[in-house]
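Read the figures in this text as sums done on the coordinates, not as results from a lab. What you are looking at is a predicted structure, and each value in this text was computed from that prediction instead of being measured. Here the Cβ positions follow ideal geometry from the backbone for every residue, glycine too, while neighbour counts run over all protein chains shown.
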């Protein structure tokens, strides 16, 4: 989520120094009574999809996505974590 925020800010203010941060929370501690582990994974998968496609739409700057990360994304999509995916890209 931080990467999407950073990438969007850099489109609008490319010459500004930007630091995006949040509390360091382990994945196991991130889910709450209102947001399940599956919800967190769905959100992360949706964010990564947007990091990949939004630069072409002018919404965010390009960010390299390592091959192993993209392969993990594809595996999670195949496992059904599609709740936050954009319907058409």
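Details
- The ranking of 18, 77, 45 from fewest to most other beta carbons within 10 Å of each one's beta carbon is 18, 77, 45.
- Each helix, a run of at least 4 DSSP H residues, gives -39500 (n - 2.57); summed and divided by the residues of the chain, these come to -16000 deg cm²/dmol at 222 nm.
- Each of 88, 36, 22 was scored by other Cβ atoms within 10 Å of its Cβ. Listed from fewest to most, they are 88, 22, 36.
- Sorting 25, 51, 65 from the fewest to the most surrounding beta carbons within 10 angstrom yields 25, 65, 51.
- Among 33, 57, 17: highest mean-square fluctuation, GNM of the chain, C-alpha pairs under 10 Å: 33
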